[in-house]
Amino acid sequence: MNCHYACGTAAHLSRRSFLQGATTGALGMLGFSGMVQASAAQKLASQQKQVVVFFLKGGVSQLETWDPKPGTDTGGPFQKISTSAPGVEICELLPHTARQMQHLALVRGINTKENDHGKGAYIMQTGYRQQPGFEYPYLGSAFSRQLNPPDSPLPGYICLGAGARAQEAAFLGPKYAPLALPEEGAPQNLARPASLTEQHDMQRRLLRQRIGQRFAPGRRDSDLEAYNSSYEQAARLMARSDVFDFSKMPAKDEERYGKHSFARNCRVALRLLENGVTFIKVSHTNYDTHSENFNFHIEQLGEFDRPFATFMADLHERGMLQHTLVIVMSEFGRTPNINSKLGRDHWGTAWSIALGGCGIKGGAVVGKTNEKGTQVIDREVNGGHLFHTYYHAVGLDSSKSFYDKGRPVAKADPKTDALQEILV
Amino acid sequence: MNRVWWRWLAAALCGGLCLTAIRVEPLQADPPQPPATVSAIEYAKRDVARATEHARRLGEAAAAVAQKATAAAAAATAAVAEQKAAEREIPTFTERLQSVQQAHASATKTRLAIEALTRQTTDAEVLPKLKTALAASLSVSSHLAAAVVEQQTLLLRAQQRLKIAGQAVTATVAELKSLTESKAVAEKSFTESLELARSAVERSTWFDTRAPTLDPEGIHLLQTYKHTSGFLNAQVDPTGEHVYAGGLDGSVQRWDLFSGDQTGLTGKSWVRGLACHGKLLISTTYTGQAIWWDTSISPPKQIRSVAAHKGFARAAAFSPDGQYVATSGDDHMVRIWQAATGEKIAELAGHESHVYHLAFHPGGQHLVSGDLMGVTRQWEVGTWKHVRNFDSAPLHTYDKQFAAHCGGIRAIAFSPDGKWLALGGMGEVTNAFAGIGVPMVLLFDWQTGKQQQVMKPASAFTGSVWGLEFDPSGRYLIAAGGGGAGAMWIWKTSDAKAIKDFKLPSPARGLSLHPDGFRVAIPFHDKTVRIYDLSAPPPAIAAK
């Protein structure tokens, strides 16, 4: 049986990666993993393109972040502040981020025409509107598939905070599904049970591999590969358990980032990037502020601002921004109208995201909304434009297609194109 | 106009006499209430005097405008008549000019004919006659030319007159239109002032008839003041003459409670904190400013602005003696200022979240402040030392689903005798971001610091208490607030369940008790401030 998923030109690559993963897992079991991984990490750090998405769940307000409108009846109580990018002003709730704006570009003309949480999140993470009976792969899975080195011992797509679903990989296959790290850090059951000796464990694995190899010929399909892949991934993870030992993160960073969960996730993301993880999604919850939007944005952005800005500064300081694309997105923005609960409601009509690092012109702004933020008046874009831009930023060709059961699936909506205004 | 005025006065007098004859039945089965405060009755009488005076002034103003409008109408009529007269002149002068021009042309033609004959004639006998005829013709032609010029001048003057008359018509008609509109406005204002005065007379007469009491079933709307943006707070000044309201447009709006006249005090940021004492008003803004206003002059003048807090300055309060102003804000601080000078004299640290509200105890020896996390701290005035905390945790919720803190101390009130402390906000939150929780008031015994009641509405309602006051007797608590909808609640201090849930037309953002003890000013999200009367209404209103 032919492999029907994640294939096209990469059928043999998937096979190769399968074997290499198995080999690496076995080497890891034999104690060579440290040497292999250290050199791989160095290589990855210098060459591999990496991506971090900060997903602000619930729909962060563009007026309280990237596109403030103070002094208007939609603007709310907050003022705008100047930033390290000349001429670029953002909301005063992001004072630390304001000092990193030389690394960030703003897209202020997004109109996804979608006010539903799930559908909005889908557009922003797949680049397409949801279609009945078909699933597009999420950005994390797609980039894991295209950017993660075949010999990488680590999962290509890791999620921190809430928001990871196995279905995100869609037809690309479970290998590219996100690995969700729990609150406490490391994947669960990472250590070998004490009752099992290393030798017995290795024997079991080799036996499983041999049986699998005898069973596999003529039977390749996604379920089987996923089954085998999961054991291999588990083995690789166990071999690199040191990556997930976050107790070794510098204590002084806790002062710089903060002590709360999101701050810790930013530090974890940095450490995972340093260890070569390709794609990381850090979720921050929650911004669905139908009531008391302003009080809650003080609270939530107060939590987001400093760790995010510190993360950006650290990436820059380590030279990692050159190969790391950072995106701050939500499923949509929030209404300019302030409702009777002093809240703002769902709003996909005229809102913003920020992105920076690899391939992005820091300090650039594209798109414009009107005086009260009720309409895009210049360079209106949707999820498709953004996906083309992400692809271009990391050096991938967004005009190519994946193939699902032989059917081409454009990597980014062909009706749209990249935002050259913010690309290097 | 004067006839209207006297008719109203006669009707008011008659109404007053009639009202005195009405026998009043007890309105509710409440325990006997203390005698009505003298002040409420006196305030009502003062309202009558002020409202009557206001109506008189507006009546005079309306009459003056009407007089001007009448004069303008006469002027416009005269201008139109003049225009018509000027119009009538034009054809006459045009006709005359044409006639003279024709005569002149004819004479010229004759002269030219004689000249031609003269040149052709050689007959010595005829020639002198022709010369004589030519001279006569020349004379006639010359006279007619002069006549043409004269008629042209006359026509020009007539046209000029018509033009001037037209301009006069335009001007006088515009003036008449403007004055007619002014007259309509003035008459409307006068009519409204008459209604205000009538209402004041009715209320005062009613109070003379029956001592005013707080009547939860008789709550009625007295006034609605409209603005162009929503409000976050309102405060009636200690004289009971004005209500101040802080809004989302950054301004503080002032309304004269007798006349309804509106004055805007400009600002740049949302205003939540408002406090009045003597001739001072303090407003605090979402940019952290505390602004001093001198209210003894009209319009009130800003006399000082201090950077009181980093982030929102949420609340302000005067000490009972007016010596101190306390402010609180998002920087977790309470700060104390000399009211007279604006000098900062103390910084009270200890809160670990945004300090939403604060109030001085009526005894003047203590201050309490409450924050987002439901922590209420008591401070000693003078030493400014922390004394104790009140357990107000029910007013705070950490919503795990949304990972956010919700609620906080939104309102603080002391009973006039200082025996009770009430804290208002929202408890039992099930969905922070949708504002789903229960309006709640925690009642504490000030002496012991123990919680006595957890007070909630009588019926299901979601939202928060935003404003809270004790009535002058200290036996009732009055709160206003809302979520998607608005409501006012009244509790007896002895009961947890409200004795009255009164539906409001929009979410309320505060509540301020008038010094008469019966009126409350409530600021609303729907761009209005409304004045409600909590006392039993006069029969005419009750009948409605």
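The values are calculated or read from the model by the stated rules, or taken from the named source; none is laboratory data. Computed from a prediction, not measured in an experiment: that's the story for all the values here. FYI the Cβ positions are ideal-geometry reconstructions off the backbone, even for glycines, and counts take in every protein chain you see. These accessible areas exclude ligands, DNA and RNA; they are computed on the full protein's heavy atoms, side chains included. Shrake-Rupley method; radii C 1.70, N 1.55, O 1.52, S 1.80 Å.
Miscellaneous remarks
- Over the stretch B:42-148, relative contact order from alpha-carbon pairs under 8 Å, at least 6 apart, %: 29
- Over 19 Å (Cα to Cα) - which of B:LYS45/B:LYS500; B:LYS68/B:LYS183; A:LYS49/A:LYS361; B:LYS419/B:LYS450; A:LYS80/B:LYS268; B:LYS45/B:LYS279 fall in this group: B:LYS45/B:LYS500; B:LYS45/B:LYS279
- Gyration tensor (alpha-carbon) shape descriptor, chain B, a/c threshold 1.5: prolate
- Taking each of B:LYS226/B:LYS503; A:LYS57/B:LYS400; A:LYS372/B:LYS527; B:LYS109/B:LYS129; B:LYS456/B:LYS544; A:LYS57/A:LYS281 in turn, the alpha-carbon distance tops 23 angstrom for B:LYS456/B:LYS544.
- Neighbours of B:PRO299, meaning other residues whose beta-carbon lies under 13 angstrom from its beta-carbon, give a summed charge of -1 when Lys and Arg score +1 and Asp and Glu score -1.
- With the simple spin-label model, which puts each label point 7 Å out from Cα in the Cβ direction, the A:ASN370 to B:THR77 separation comes to 5.0 nm.
- Taken per residue, the accessible surface of chain B reaches 45 Å², heavy atoms only and a 1.4 Å probe.
- Ellipsoid equivalent to the stretch A:131-282 - semi-axes via the Cα gyration tensor, in Å: 29, 23, 12
- Max mean-square fluctuation residue, GNM over chain A, Cα-Cα springs under 10 Å, options A:HIS103, A:HIS316, A:HIS260: A:HIS260
- Sequence-separation-based contact order of chain A, relative, with Cα cut under 8 Å and 6+ spacing, percent: 30
- With a simple spin-label model that places each label point 7 Å from the Cα along the Cα-to-Cβ direction, the separation between B:VAL126 and B:ALA485 comes to 11.7 nm.
- Helical runs assigned H by DSSP (4 residues or longer) give the protein assembly as shown a calculated mean residue ellipticity at 222 nm of -12500 deg cm²/dmol, each run adding -39500 (n - 2.57) before division by the residue total.
- Spin-label pair B:GLU380/A:ARG407, simplified geometry with 7 Å Cα→Cβ offset, distance in nm: 7.9
- For the residues of A:295-304, the average number of beta carbons from a partner chain within 10 Å of their own beta carbon is 4.
- Helix A:222-239 vs. chain A, principal-axis angle (Cα, 0 to 90°, nearest 10): 90
- Rounded, prolate or oblate (a/c below 1.5 giving rounded, otherwise prolate when a/b exceeds b/c) for the protein assembly as shown by Cα gyration tensor: oblate
- Cα gyration tensor shape for the stretch B:385-544, rounded if a/c is under 1.5, else prolate or oblate: oblate
- For the segment B:430-436, counting C-beta atoms of other chains within 10 Å of every residue's C-beta and taking the mean gives 6.
- Multiplying the residue separation of B:ALA146 and B:ASP208 by 0.36 nm and subtracting their alpha-carbon distance yields 13.4 nm.
- Calculated FRET value between B:ARG56 and B:LYS226, using beta carbons and R₀ = 35 Å, to 0.05: 0.90
- At R0 = 51 Å, FRET efficiency that the Cβ-Cβ distance of A:ARG165 and B:LYS419 yields, to 0.05: 0.30
- Inter-chain neighbour count for B:112-123: the average number of beta-carbon atoms from partner chains within 10 Å of each residue's beta-carbon is 0.
- Whole-Hz couplings from phi, Karplus 6.51/-1.76/1.60, listed for the stretch A:62-68; x for Gly and Pro: 5, 6, 9, 10, 8, 9, x
- When the Cα positions of A:ILE298, B:TRP466, A:LEU272 are compared along the charge dipole of the protein assembly as shown, A:LEU272 comes out farthest toward the positive end, with charges on each C-beta of Lys, Arg, Asp and Glu.
- Take the accessible area of A alone and of B alone, subtract that of the pair with a 1.4 Å probe, and the total buried over both chains is about 2000 Å².
- In chain B, Cα pairs under 8 Å separated by at least six residues give a relative contact order of 12 percent.
- Stretching A:SER247 away from A:LYS259 to a fully extended chain increases their span by 3.0 nm, per 0.36 nm per residue minus the current alpha-carbon distance.
- Rolling a 1.4 Å probe over the protein chains gives B:ILE291 an accessible area of about 20 Å².
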